[in-house]
Amino acid sequence: QVQLVESGGGFVQAGGSLRLSCVASGRIFSINSMGWYRQAPGKQRELVARITSGGITVYADSVKGRFTISRDNAKRTVHLQMNSLKPEDTTVYYCNLIDVTSQYWGRGTQVTVSS
């Protein structure tokens, strides 16, 4: 059983910062990539940022220059540093892991940015 546990969500004013963390545990084979997605009510889940085991990163255009993803392969941890937050960043953020056999999701952490 693979588990992804997110932390670091919360409430912040516009322009502020939050740091999300996700720790993976369980029977995980070779990790291809880890990342963060978000999903607003009534909308599809969208990619926020992803990082491969080799350190290659991909960001959504809406967060480029504001968010930074990083990972610790040994600790099976991925972080998302979110700066200059905007009210439109408000939603639930989900951790994602892809290994050679499957992909897994966390339960999500709420981020709320007030104007």
ASN73 is checked against (1) modelled with pLDDT of 95 or more; (2) surrounded by fewer than 18 Cβ atoms within 10 Å (Cβ to Cβ); (3) closer than 17 Å to GLU6 by Cα and fails just one. What number does that condition carry? (1)
Number of the condition not met by GLU88 [criteria: (1) within 30 Å of ARG27 (Cα to Cα); (2) loosely packed, with under 12 Cβ neighbours inside 10 Å]: (1)
Conditions (1) touching a strand residue (DSSP E or B) at 6+ places or on another chain (Cβ under 8 Å); (2) more than 14 Å from THR109 (Cα to Cα); number of the one not met by TRP36: (2)
Considering only residues of region 22-38 that are surrounded by 13 or more Cβ atoms within 10 Å (Cβ to Cβ) and out of contact with any Asp or Glu (no Cβ under 7 Å at 6 or more places or on another chain), which is nearest to GLU88 (Cα to Cα)? TRP36
From (1) open to solvent by 20 Å² or more (accessible area, probe 1.4 Å); (2) under 12 Å from the mean Cα position of the chain (by Cα); (3) of a type outside the set (Lys, Arg), pick out the condition that doesn't hold for THR52. (2)
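The values are calculated or read from the model by the stated rules, or taken from the named source; none is laboratory data. Here the structure is a predicted model, which means the values were calculated and not measured. Cβ coordinates were reconstructed from backbone atoms using ideal geometry, including for glycine residues, and neighbour counts include every protein chain displayed. SASA here: full protein model, heavy atoms, side chains in, ligands and nucleic acids out. Shrake-Rupley method; radii C 1.70, N 1.55, O 1.52, S 1.80 Å.
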